[in-house]
Amino acid sequence: KAGVTQTPRYLIKTRGQQVTLSCSPISGHRSVSWYQQTPGQGLQFLFEYFSETQRNKGNFPGRFSGRQFSNSRSEMNVSTLELGDSALYLCASTVAAINNEQFFGPGTRLTVL
Amino acid sequence: AQRVTQPEKLLSVFKGAPVELKCNYSYSGSPELFWYVQYSRQRLQLLLRHISRESIKGFTADLNKGETSFHLKKPFAQEEDSAMYYCALSGHVFTGGGNKLTFGTGTQLKVEL
């Protein structure tokens, strides 16, 4: 099976802009989670989608949003970008509803100037 | 609130020496504990989880609920073990855990010849 794919791999934006990141899970996986990774804060959970419904949300401002489509593909959107949003954004998918092994994508490196 | 603590940012050992990567957690319910590993230029991937009680690549980890710890151990370090190791916690489904992972800050293991 193909692994989790994320597009784009690299992105440069300026403050105030918005950005959309995409994640394609492993075929058959219904749960998609997003994480932000920074040197200062490490890996932080953003949100999880399961069967097109957001099930969990981390402690991020409302500028961070996401959605999941019927084919399980997911997108996350960040509006009004701030310098502090510069990070590696990781997507992970899993087949089951709870506490299952998560398979991570390579990440999207977002740089906000 | 759930929290995972990895006290060591960097652990350097000689090849053939024992390895212990420390992980302590804070969670009010019944957690699921995982160790994820990231080798150089590779994706984050699951190493092992406490419910499987397996030994993967010679690594083991035992959940100690009394000490709220889930330390990762290997009796004899190999050069290929050099990587970043993350301890992670997922809450029980009845407390809304889903597939949300709370990660520690990670420990960089360096195995020297």
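Coordinate-derived values only; no laboratory data. Nothing here was measured: the structure is a model prediction, and the numbers come from that model. Don't worry about glycine lacking a Cβ; one is built from the backbone with ideal geometry, like all the others, and counts go over all protein chains shown.
Numbers below:
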quantity: Amide H within-cut-off set for B:Thr105, under 5 Å, with H built and near neighbours excluded; calculated: B:Gln6
quantity: Listed pairs A:Lys1/A:Lys57; B:Lys9/B:Lys74; A:Lys1/B:Lys22; B:Lys15/B:Lys57; B:Lys22/B:Lys65; A:Lys57/B:Lys9 exceeding 24 Å between Cα atoms; calculated: A:Lys1/A:Lys57; A:Lys1/B:Lys22; A:Lys57/B:Lys9
quantity: About the Cα centre, charge dipole magnitude for region A:1-80 (Lys/Arg +1, Asp/Glu -1 at Cβ), debye; calculated: 100
quantity: Other-chain or far-sequence residues with amide H under 5 Å of A:Ser86's (modelled H); calculated: A:Val112
quantity: Cut-off under 5 Å, modelled amide H: who pairs with A:Thr5 long-range; calculated: A:Ser24
quantity: Signed unit charges on C-beta, dipole axis of the protein assembly as shown, positive-most listed residue A:Asn59, A:Thr5, B:Gln78; calculated: A:Thr5
quantity: For region B:70-84, 3J(HN,Hα) per residue [Karplus equation, 6.51 cos²θ - 1.76 cosθ + 1.60, θ = phi - 60°, Hz, x = Gly/Pro]; calculated: 8, 6, 9, 10, 8, x, 9, 5, 10, 4, 6, 7, 4, 4, 9
quantity: Residue (of A:Asn71, A:Gly40, A:Thr14) at the positive-pole extreme of chain A, dipole from beta-carbon charges; calculated: A:Thr14
quantity: Of B:Gly91, B:Gly66, B:Gly16, the one that fluctuates the most in a GNM where chain B has Cα springs shorter than 10 Å; calculated: B:Gly66
quantity: Local electrostatic count, B:Phe76, Cβ distance below 15 Å [Lys/Arg +1, Asp/Glu -1]; calculated: -1
quantity: Calculated SAXS-style log₁₀ I(q)/I(0) at q = 0.18 Å⁻¹ - chain B, Debye, Cα scatterers; calculated: -0.85
quantity: Relative contact order (%) - criterion: Cα under 8 Å, at least six apart; region: chain A; calculated: 37
quantity: For region B:32-49, Karplus couplings with θ = phi - 60° (6.51, -1.76, 1.60), whole Hz, Gly/Pro x; calculated: 9, 10, 9, 10, 10, 10, 10, 7, 3, 6, 10, 7, 5, 9, 5, 9, 7, 9
quantity: Local electrostatic count, A:Ala2, Cβ distance below 14 Å [Lys/Arg +1, Asp/Glu -1]; calculated: +3
quantity: Net charge dipole size for region B:2-66 [Lys, Arg +1 and Asp, Glu -1 on Cβ; Debye, nearest 20]; calculated: 220
